[in-house]
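Asks: Sharing a structure below in structure tokens format, with a few things to ask.
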Amino acid sequence: KVPELPMSYGELERRAEQVMPPELWSYVAGGAGDERTQNANVTAFERWGLMPRMLAGAAERDLSTELFGRRLPTPLMLAPVGVIGLCDLAEGRGDLVTARAAAATGVPMIASTLSQDPMEDVARELGDTPGWFQLYPPNDPELTESLVRRAEAAGYSAIVVTLDTLTLGWRPRDLSLASFPQLKGQCLANYFSDPVFRSRLAVPPEEDPEAATGHWAMIFGNQRLTWDDLAWLRSLTSLPVLLKGICSPEDARRAVDGGVDGLYCSNHGGRQANGGLPALDCLPEVVDAAGEVPVVFDSGVRGAPDVVKALALGARAVAVGRPYSYGLAVGGQAGVEHVLRCLLAELDLTLAIDGYASTASLTRGDLRPVR
Ligand code: FNR
């Protein structure tokens, strides 16, 4: 434990709000519309409770999980956060700092396309700790291919294609403060360093960052992508491909039929569409439709009991977004490590006290609805 760092999520959030510049705070903490879906993501966990079991032989716990043939020490992951670079308030190198925290804890990192430092530099900091590359497929197929090639070459071991952000959501907090970091040219290093992106510009981004940012805004999203494009996306790499943003069982089935290796059930932490179902409520049906294909989950996880519940509902791994972003803002690398270590320690204790010897053995039958 780092003494000055908060021990509860509520306190972490309060401290983050105090230290973060208002525009960055609103960008990270805010969500779509009146944020009802974002809030519902969190409260959805309150409707489930874990059945405690006594004298169950859980003196030693196994927190490990398996994904794509690799055993991971814990089921926790760092969700891709596009402005994590800026959450390093000291230097704006948050992608690198987060990767160091991932390497120090062994918690895999999913590196966002929207990064302050090129993906190659982030991968180097990860060392042997697994890194996945999150792809926002741009409206430029050659650039899409180039980003995937680079991710392969840099050593990322899976590609997460995010489908819920083919356009940005309606976010009143950001609209009020005009806080869109990317439009200031921030977090675009993966684009500005890309040979295909650069070839589209009259002059290099270093010479005219505004024109480069303008071009980025034109190509960032592609609302015309359909299921017909899945075969092409799949063909871009031999790495495992996961689709992020899958909440419907029909979509899960289409994805599995289309040959994806993993599903990522998430509603982007309630940042994209308001009025939708809490992500947790979608998880069981996605898991059922996925069959043998593993499902990663995020959206609304704030503590270890939430991790337990998502695992029991069938997730193979569980990711957090805002919790570690706040950890970074409040305490730098030590802050991210602190958030992860607290989650893992509480997870281990929960299993010990409630009598479950492994995270992998949790099933839906271990949960009851809270009345
Ligand atoms: C995100 N998220 C996200 N997802 C993604 O696929 N690519 C990205 O670049 C980003 N960027 C991003 C920025 C910020 C500030 C936040 C808070 C989130 C979504 C993220 O991966 C994840 O789905 C949610 O953060 C999970 O919800 P919680 O844990 O924040 O409730």
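Asks: Please sort by residue number the trypsin sites (Lys or Arg not before Pro) in segment 191-294 whose DSSP state is loop and whose Cβ has at most 11 other Cβ atoms within 10 Å.
Replies: Taking segment 191-294 and a limit of 11 other Cβ atoms within 10 Å, the loop trypsin sites (Lys or Arg not before Pro) found are ARG224.
Asks: Given points 7 Å out from each Cα along the Cα-Cβ axis, report the ALA345 to GLU210 separation in nanometres with one decimal.
Replies: With each label placed 7 Å out from Cα toward Cβ, I get 5.1 nm.
Asks: In whole Hz, what ³J(HN,Hα) sequence does segment 74-87 give by Karplus (6.51, -1.76, 1.60; θ = phi - 60°), x for Gly and Pro?
Replies: Along segment 74-87, the couplings run 9, x, 8, 9, 8, 5, x, 10, x, 10, 4, x, 6, 6 Hz.
Asks: Roughly how far apart, in whole Å, are the Cα centres of segment 111-166 and segment 1-55?
Replies: Cα centroid to Cα centroid, the span is 27 Å.
Asks: Can you list the residues, at least 5 places off or on another chain, whose amide H is less than 5 Å from the amide H of MET77, using H built in the peptide plane?
Replies: VAL318, ALA319, VAL320
Asks: Right, next: Indicate the gyration tensor shape class of the chain (rounded, prolate or oblate), computed on the Cα atoms with a ≥ b ≥ c the square roots of the eigenvalues: a/c under 1.5 is rounded; otherwise a/b larger than b/c is prolate and the rest oblate. Don't jump to the answer; show the numbers that get you there.
Replies: Details: a/c = 1.61, a/b = 1.36, b/c = 1.19.
It is prolate, given that a/c is not under 1.5 and a/b is the larger ratio.
Asks: Pull up all non-local amide H partners of GLY49: gap of 5 or more, or a different chain, and H-to-H distance under 5 Å with H placed in the peptide plane.
Replies: ARG368, VAL370
Asks: Post the alpha-carbon centroid distance, segment 235-260 to segment 320-342, in whole angstrom.
Replies: 30 Å
Asks: I need the shape label for segment 127-198. Rule: rounded when a/c is under 1.5, else prolate if a/b > b/c, else oblate, with a, b, c from the alpha carbon gyration tensor. Could the numbers behind the result be given before it?
Replies: On the way: a/c = 1.96, a/b = 1.70, b/c = 1.15.
Since a/c reaches 1.5 and a/b is larger than b/c, the shape of segment 127-198 is classed as prolate.
Asks: Which order do the peptides 161-167, 287-293 come out in when sorted by mean C-beta neighbours inside 10 angstrom, highest first?
Replies: Packing order, densest peptide first, comes out as 161-167, 287-293.
Asks: Using only the Cα atoms of segment 291-336, build the gyration tensor, take square roots of its eigenvalues as a ≥ b ≥ c, and label the shape rounded, prolate or oblate: rounded if a/c is under 1.5, else prolate if a/b is larger than b/c, else oblate.
Replies: prolate
Asks: When the Karplus curve 6.51 cos²θ - 1.76 cosθ + 1.60 is applied with θ = phi - 60°, which whole-Hz ³J(HN,Hα) does each residue of segment 208-222 get, with x for Gly and Pro?
Replies: Computed from phi, the couplings for segment 208-222 are 9, x, 5, 5, 5, 5, x, 5, 4, 4, 6, 9, 3, x, 9 Hz.
Asks: Compute the distance in nm between two label points, each set 7 Å from the Cα along the Cα-to-Cβ direction, one at LEU183 and one at LEU168.
Replies: With each label point 7 Å from Cα toward Cβ, the separation is 0.6 nm.
Asks: Turning to a different aspect of this structure: I want to verify a result. In a Gaussian network model of the chain, Cα cutoff 10 Å, which of these has the top mean-square fluctuation: ILE219, ILE159, ILE110?
Replies: The residue that fluctuates most here is ILE219.
Asks: List the residues whose amide H sits under 5 Å from the amide H of ARG93, counting only those 5 or more places along or on another chain, with H placed 1.01 Å from N in the peptide plane.
Replies: Sorted by chain and number, the residues that satisfy this are ASP88.
Asks: Each residue of segment 100-117 in order: what ³J(HN,Hα) in whole Hz does its phi give by Karplus 6.51 cos²θ - 1.76 cosθ + 1.60, θ = phi - 60°, with x for Gly and Pro?
Replies: Per residue, the Karplus-derived 3J(HN,Hα) values read 5, 5, 4, 5, 6, 9, x, 8, x, 10, 9, 7, 6, 4, 8, 10, 6, 10 Hz.
Asks: Once the piece of chain linking ASP229 and SER358 is laid out straight, how much longer is it, given 0.36 nm per residue of separation minus the C-alpha distance between them? Display every interim value, and only then the final one.
Replies: On the way: separation 129, 0.36 × 129 = 46.44 nm, distance 3.88 nm.
Result for the pair: 42.6 nm of gain on full extension.
Asks: Report the gain in length on full extension from GLU66 to ASP128: 0.36 nm times residue separation, minus Cα-Cα distance, nm rounded to one decimal. Don't skip to the answer; put the middle values down first.
Replies: Details: separation 62, 0.36 × 62 = 22.32 nm, distance 1.62 nm.
Net length gain for the segment: 20.7 nm.
Where a number appears in this text, it was derived from the coordinates with a stated rule and is not lab data. Only a predicted model underlies this, so the values are computations on that prediction, with no experimental measurement involved. Using ideal geometry, Cβ is built from the backbone for each residue, glycine included, and neighbour counts are taken over all protein chains shown.
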